[in-house]
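*Asks:* There's a structure below that I have some questions on.
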Amino acid sequence: MSLDLQGVATGLPALWLAQGFLTSLAVTVIGAAVAFFLGGLLLALRLTPWRAVSGAATAAIEVIRNTPLLVQLLFWYFAVYRLLPDTVRSWIGQDHGFGRLPQGPSLLSAEFLVSAFGLGVFFSAYIAEELRSGLAAVPEGQAEAARALGFSPVAGLLHIRLPQALANAWQP
């Protein structure tokens with residue numbers, strides 16, 4: 001018994017495979033950018049001294065981390081996307097001539113935007129927790145040394161503690 005893949009590797013199926021690969025790559029890159037932005041935002045909210053804000057960020061992180069990705073993607077597409085105003089949804093559905101992969105689907109389609117955003121939200125919770133654990137591993141003496149050198153709390157975080165936290169968080 002032999003399997004003939006000659007028809008799959010040429011012509012239209014090869015184009016479909018290339019388009020699917022490029023679309024998956026674009027969703028991944030845009031989702032990663034969203035995840036890093038939202039992960040940093042969730043981390044900042046989690047580290048605030050205000051208990052209500054910190055508690056809300058912690059609750060959001062826990063809900064996101066404890067919900068399967070597929071459930072979240074379905075939620076974003078069938079619940080949240082449907083709540084957008086009709087003008088926004090019709091604008092998303094139109095062909096604008098930009099935001100299109102080479103001979104592929106539009107990057108402004110509802111499915112593409114929701115999947116990239118959903119992936120970003122899902123992985124942002126993991127990024128926030130990873131960065132928080134990296135910050136927790138930095139000794140408190142580093143923050144005290146930054147204050148002794150005249151750094152503001154934000155400058156001490158950005159220039160002293162955060163580089164060490166990144167090194168701690170992403171160990172090989």
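The values are calculated or read from the model by the stated rules, or taken from the named source; none is laboratory data. Remember, it's a predicted structure, so these values are computed and weren't measured experimentally. Every residue, glycine among them, receives a Cβ derived from its backbone with ideal geometry; neighbour counts consider all protein chains shown.
*Asks:* Out of Ala60, Ala56, Ala26, report the one residue that is part of a helix (DSSP H, G or I) and touching a Phe, Trp or Tyr at 6+ places or on another chain (Cβ under 8 Å).
*Replies:* Only one candidate passes the filter, namely Ala26.
*Asks:* So, restricting to helices (runs of 4 or more DSSP H) that lie completely within region 111-172, which ones have at least 3 residues that are surrounded by 12 or more Cβ atoms within 10 Å (Cβ to Cβ)?
*Replies:* Answer list for region 111-172: 140-148, 162-169.
*Asks:* State which residue is nearest to Gly120 (Cα to Cα) when the search covers only region 22-36 and only residues that are among the β-branched types (Val, Ile, Thr) and crowded, with 17+ Cβ neighbours inside 10 Å.
*Replies:* Ranking the qualifying residues of region 22-36, first place goes to Val34.
*Asks:* Just to be sure, is Thr67 in a helix (DSSP H, G or I), outside the structural domain of Arg161 (by TED's automatic domain parsing) and of a type in the set (Ser, Thr, Tyr)?
*Replies:* Criteria not met by Thr67.
For every residue, the table says whether it meets (1) among the basic types (Lys, Arg); (2) closer than 21 Å to Gly118 by Cβ; (3) modelled with pLDDT under 95.
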{"residue": "Val8", "(1), (2), (3)": "no, no, yes"}
{"residue": "Pro13", "(1), (2), (3)": "no, no, yes"}
{"residue": "Ala26", "(1), (2), (3)": "no, yes, yes"}
{"residue": "Ala32", "(1), (2), (3)": "no, yes, no"}
{"residue": "Gly40", "(1), (2), (3)": "no, yes, yes"}
{"residue": "Trp50", "(1), (2), (3)": "no, no, yes"}
{"residue": "Tyr77", "(1), (2), (3)": "no, yes, yes"}
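*Asks:* Taking only pairs six or more apart or across chains, which ones have beta-carbon atoms under 8 Å, a first residue in region 144-162 that is outside the structural domain of Gly39 (by TED's automatic domain parsing), and a second residue that is among the aromatic types (Phe, Trp, Tyr) and surrounded by 13 or more Cβ atoms within 10 Å (Cβ to Cβ)?
*Replies:* His159/Phe151; Ile160/Phe151
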